[in-house]
1. If exposed GluC sites (Glu not before Pro) are those in a DSSP loop with at most 13 other Cβ within 10 Å, what is the longest stretch of the chain that has none?
2. Under 11 Å from the Cβ of Ala31, count the other residues' Cβ atoms, weight Lys and Arg +1, Asp and Glu -1, and hand me the total.
3. Net charge near Asn81, counting Lys/Arg +1 and Asp/Glu -1 over other residues with Cβ under 10 Å of its Cβ?
4. Subtracting the Cα-Cα distance from 0.36 nm times the residue separation, let me have the gained length for Arg190 to Glu115 in nm, one decimal.
5. List Arg68, Arg16, Arg120 from most exposed to least, where exposure is judged by having the fewest other Cβ atoms within 10 Å.
6. Give a quick list of chymotrypsin sites (Phe, Trp or Tyr not before Pro) in segment 20-122 that DSSP marks as loop, anything other than H, G, I, E or B, with at most 16 other Cβ atoms within 10 Å.
7. Starting from the Cα of Asp26, step 7 Å along the direction of its Cβ; do the same at Val147; then give the gap between the two resulting points in nm.
8. First obtain the Kirkwood hydrodynamic radius of segment 1-80 from its Cα pairs, then insert it into the Stokes-Einstein equation at 37 °C and 0.692 mPa s, and state the resulting D in µm² per second as a whole number.
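Coordinate-derived values only; no laboratory data. Nothing here was measured: the structure is a model prediction, and the numbers come from that model. A quick note on method: Cβ atoms are made from the backbone with ideal geometry, for glycine too, and the neighbour counts reach across all protein chains shown.
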Amino acid sequence: MFTGIIEAMCPLVELRRGATWRLTLDLGELAEGVALGDSIAVNGVCLTVAALSGTRASFDAIGETVRRSALARLSEGERVNTERSLCVGQRLGGHFVAGHVDGVGTIRAKDESPEQTLVRVAVPPDLTRLMATKGSVAVDGISLTLVDVTRDEFAVAIIPYTLGETTLGTKRAGDVVNVEVDMLARYVARLLGRDDGGVSEDFLRQHGYC
C-alpha cells in the first residue's frame with residue numbers, strides 16, 4: 001500500500017526484457033532500510049525487490065504487468081517516480097494507492113502557468129466511469145485531485161512543487177502514463193454493479209459517483 005507521495009525520481013540503470021522483465025534502479029538514499037521482498041512503487045506499479053546490491057535494487061515484472069502498464073515505454077537512464085510502501089503510523093499525505101495500475105492513459109494537453117499546470121489525460125471510458133470531480137487518481141504513482149472528468153478524459157491541476165519533484169515535469173502531449181483509479185470507486189462498482197465488476201454510468205451518476 002502506498003500514499004501517492006513520491007519520495008524520489010530514481011534512475012533506471014538497467015532494463016532487461018524477456019518473458020520476465022528485470023528493472024534495476026539506483027535508489028540512492030531511499031535504499032536505507034530496504035530489504036529483499038519489500039514492495040516499491042515504480043511509476044505507480046507495485047514491484048517486489050528481487051535483488052539488492054548497494055543502493056541498487058532489482059525488480060522482476062511479468063508479462064501481465066508489462067502489458068497493463070507503461071513500463072514497456074521505459075528506457076535505461078530514464079528517471080522514474082519511486083515510493084516505498086506505507087508503514088503503519090506513517091502520515092497519509094495523499095490517498096490509498098494500491099500500486100495496481102488500471103490502465104494506460106495518453107497526455108492530450110499540458111497547459112502550464114506560473115501558478116499551476118493543467119494536464120488532460122485520455123483514458124478508456126471504463127476508467128472515467130470510476131472517476132468523479134474532486135476525487136482522487138494516481139498518475140504514474142502520483143496522488144492527484146481530479147478537476148474535470150469527461151467520457152474519455154480527465155484533468156488534474158498540478159502545483160509547481162509536484163511538477164518539479166516528479167516525472168510529470170518532463171512529460172509532454174503524446175506521452176503515456178500509468179493510471180490507477182481510487183480503490184473505493186472500484187469496490188463500489190464491484191459491489192453495486194454486474195458480476196463482471198461493471199456498473200452502468202446512469203447508476204453511478206444517480207448515486208453521485210460521476
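1. The answer is 116-210.
2. Neighbour charge sum, excluding Ala31 itself: -2.
3. Working: positive: Arg79; negative: Glu7, Glu83, Asp140, Glu165.
Summing Lys and Arg as +1 and Asp and Glu as -1 gives -3.
4. Numbers: separation 75, 0.36 × 75 = 27.00 nm, distance 3.82 nm.
Additional length available on full extension: 23.2 nm.
5. So the ranking, lowest neighbour count to highest, is Arg16, Arg68, Arg120.
6. Numbers: sites: Trp21, Phe59, Phe96; in loops: Phe96.
Here the chymotrypsin sites (Phe, Trp or Tyr not before Pro) that fit, given the DSSP loop and packing criteria, are Phe96.
7. Distance between label points: 3.5 nm.
8. D, rounded to a whole number, is 259 µm²/s.
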